[in-house]
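The values are calculated or read from the model by the stated rules, or taken from the named source; none is laboratory data. For clarity, every value in this text was computed on a predicted model and none was experimentally measured. Don't worry about glycine lacking a Cβ; one is built from the backbone with ideal geometry, like all the others, and counts go over all protein chains shown. Quick note on the areas: whole protein, heavy atoms, side chains included, nothing else; ligands and nucleic acids left out. Shrake-Rupley method; radii C 1.70, N 1.55, O 1.52, S 1.80 Å.
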Amino acid sequence: MGRTTISAVRTASSRRFLMCRPTYFAVEYAINPWMDPSRPVDPLLVVEQWEALRGALLELGHAVDLIDPVPGLPDMVFAANGATVLDGRALVATFRHPQRAPESGAYEKWLRDRGHVEVRCAEHPNEGEGDHLVVAGVVLAGHGFRTAAASHAETADYLGRPVIGLTLVDPRFYHLDTALAVLDEEQIMYWPGAFSPASRRRLHSLFPHALRVEEQDAVHFGLNAISDGRHVLLPTPACSLAGRLASEGYEPIALDVSELAKAGGGPKCCVLQLRQPEPPARP
Ligand code: ARG
């Protein structure tokens, strides 16, 4: 899987995302090593950065739905963690930390009100798309910090896809989407240092042609990237990665997400992909 060539022509496909305005965004507690409540956050700048991300997605032809932010839930802007939505089924998150637990109810309600998706709440800790990445017909599932390995069977059963568990070992990369990004149907990029030796071997055997990214780009949340198969939205400081993606035929789009980074997040954390049901197979 995942061979890239310099002459490859990359094709974008349009997506539907759910996002949450950072109206109540703040760093009030520390549940990952990036969060320091004594460091100030600029409330106007974070809104500007989030609007620029939303604007960039709309300009690329993607659809963006909005969920109302809830006062007292400063991390709710990270919509990726709300659920995993695939083929019209939503598995709503069960958060590891009590500070984020009430977000589940808000995402569950939004998904139920929407009507045409089947909704279930995860039994074990399961932080949605933060730890679940869909590629090549499977779900890559991180565990070690947030999502419990015990949740993978439920995810596979409910979403009807094989789940490949990957062990995260570096606390700076506490969600899978900080350590690995899906670029297109079958190509990924990742920083091997975030994974256990067994998971590294697994990734290598599944994706022998994956882009292996430098730690320096990973620490700037370069892997917290949103790709539509052609355009790759990633944080500005991950510039060497942007150059590499360009040489692989992708179009990198750099975004300043400095305020979100103070909570340990980047562009991809702010979007939950709403994957529609597969159209019925033709006879
Ligand atoms: N402060 C949030 C937390 O620690 C950041 C979540 C980032 N989300 C993500 N999908 N990686 O939970």
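What residue among Asp256, Asp87, Asp217 shows peak mean-square fluctuation when the chain is described by a Gaussian network model with Cα springs under 10 Å?
Greatest mean-square fluctuation among the candidates belongs to Asp87.
Where the only charges are on Cβ atoms (+1 Lys, Arg; -1 Asp, Glu), what is the dipole of the chain about its Cα centre, to the nearest 20 debye?
For this selection, approximately 580 debye.
Using the Cβ atoms and a cut-off under 12 Å, what net charge is assigned to the surroundings of Pro22, where Lys and Arg are +1 and Asp and Glu are -1?
Summing Lys and Arg as +1 and Asp and Glu as -1 gives -2.
For the range 132-279, what is the largest minus smallest coordinate of the Cα atoms on each principal axis, given in angstrom and ordered from greatest to least?
Result for the range 132-279: principal-axis Cα extents of 38, 38, 30 Å.
Write down the accessible area per residue of the range 19-165 in Å², having rolled a 1.4 Å probe over the full set of protein chains.
40 Å²
According to the square roots a ≥ b ≥ c of the eigenvalues of the Cα gyration tensor, what is the shape class of the range 58-183, taking rounded for a/c under 1.5, prolate for a/b larger than b/c otherwise, and oblate for the remainder?
Because its axes are fairly even, with a/c under 1.5, the range 58-183 counts as rounded.
How would you classify the chain from its alpha-carbon gyration tensor, with a ≥ b ≥ c the square roots of the eigenvalues: rounded for a/c under 1.5, else prolate if a/b is greater than b/c, otherwise oblate?
Rounded.
Can you give me the % of accessible surface on the range 147-242 that is carbon or sulfur? Probe 1.4 Å, all protein chains present, nothing else counted.
54 percent
Read phi for every residue in the range 122-136 and hand back ³J(HN,Hα) as whole Hz from Karplus 6.51 cos²θ - 1.76 cosθ + 1.60, θ = phi - 60°, with x for Gly and Pro.
5, 7, 9, x, 7, 9, x, 5, x, 10, 10, 10, 9, 7, 6
With springs only between Cα atoms under 10 Å apart, run a GNM on the chain and tell me which of Trp50, Trp191, Trp34 wobbles the most.
Fluctuation is largest for Trp34.
Give the carbon-plus-sulfur fraction of the accessible surface of the range 45-124 in %, rounded to a whole number; probe 1.4 Å, heavy atoms of protein chains only.
The C+S portion of the solvent-accessible surface of the range 45-124 is 51 percent.
Enumerate the calculated ³J(HN,Hα) couplings along the range 17-22 in order (Karplus 6.51 cos²θ - 1.76 cosθ + 1.60, θ = phi - 60°), each rounded to whole Hz, writing x wherever the residue is Gly or Pro.
Calculated HN-Hα couplings, in order: 10, 10, 10, 10, 4, x Hz.
May I ask what percent, to the nearest 5, of DSSP beta bridges between residues of the chain are antiparallel?
Of those bridges, close to 45 percent are antiparallel.
Can you tally the net charge around Leu133? Count Lys and Arg as +1, Asp and Glu as -1, for every other residue whose Cβ sits under 13 Å from the Cβ of Leu133.
Here the count lands on -4.
What are the residues whose amide H is under 5 Å from the amide H of Ala83, where those residues sit 5 or more places off or on another chain and H is modelled from the backbone?
Distant-sequence amide H within range of Ala83: Ala93, Glu129.
Using a ≥ b ≥ c from the Cα gyration tensor of the range 1-130 (square roots of the eigenvalues), is it rounded, prolate or oblate, where a/c under 1.5 gives rounded and otherwise the larger of a/b and b/c decides, a/b for prolate?
Taking the square roots of the gyration eigenvalues as a ≥ b ≥ c, the range 1-130 is oblate.
With contacts defined as alpha carbon pairs under 8 Å and 6 or more residues apart, what's the relative contact order of the range 164-277 in percent?
Reported relative contact order: 22 percent.
Highest GNM mean-square fluctuation, the chain, Cα pairs closer than 10 Å: which of Pro43, Pro235, Pro98?
For the chain, modelled as a Gaussian network with Cα springs under 10 Å, the answer is Pro98.
Between Val135 and residues 5 or more places away or on another chain, which pairs have amide H atoms under 5 Å apart, with H built 1.01 Å from N, and which residues are they?
Leu140
Counting other Cβ atoms within 10 Å, keep those with at most 15, restrict to DSSP loop, and tell me which GluC sites (Glu not before Pro) in the range 5-78 are left.
Here the GluC sites (Glu not before Pro) that fit, given the DSSP loop and packing criteria, are Glu28.
Scan around Val169 for amide H atoms under 5 Å from its own, H built in the peptide plane at 1.01 Å from N, and keep only partners 5 or more places away or cross-chain.
Close amide H contacts, sequence-distant or interchain: Phe195, Ser196.
In nm, to one decimal, how far is the modelled label at Glu214 from the one at Arg112, with both set 7 Å along Cα→Cβ?
Spacing of the two 7 Å Cα→Cβ label points: 4.9 nm.
Once phi is turned into θ = phi - 60°, what whole-Hz ³J(HN,Hα) does the Karplus curve with 6.51, -1.76 and 1.60 give for every residue of the range 111-118, x standing for Gly and Pro?
Computed from phi, the couplings for the range 111-118 are 5, 5, 4, 6, x, 8, 10, 7 Hz.
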